[in-house]
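Okay, structure first, notes after.
A short reminder: the numbers here are calculations on the coordinates, not readings from a lab. What you see is a predicted model; the values in this text were computed from it and never measured. Methodologically, a virtual Cβ is constructed for each residue, glycine included, from the backbone with ideal geometry; neighbour enumeration extends over all protein chains shown.
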Amino acid sequence: MEIWGQPAQGSNLPSVKAYRESHLPLARHGPRGVLFATDIAPTLGTGTPFEARWYGGSAGVLDKPNGFVAIPIISFVNLQP
């Protein structure tokens, strides 16, 4: 079980990006997105109080093909409509 990410728009640095805790965007019927838990700490000095980022080259971040990176996860819940 992994969450994958690619470079953010305008960047060439692959990363996994996530909202922290209860900061998922709201849709008509509640939060929209995926919830996951990982033992890998976000890359130090990145993100915001509302967002976490895991960049390639950081401890525990896995390089994947085609410019992607991934982090292992221990739980996953899909809240997509």
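Some observations on this one:
- Debye log10 I(q)/I(0) at q = 0.18 Å⁻¹ for the range 40-81, Cα point scatterers: -0.64
- Taking other C-beta atoms within 10 angstrom as a stand-in for reagent exposure, Ser58, Ser15, Ser75 fall in the order Ser75, Ser58, Ser15, fewest first.
- Order by protection proxy (mean Cβ within 10 Å, highest first), peptides 60-69, 3-12: 60-69, 3-12
- Cα-based radius of gyration of the chain once divided by 2.2 N^0.38 Å, which approximates compact folds: 1.09
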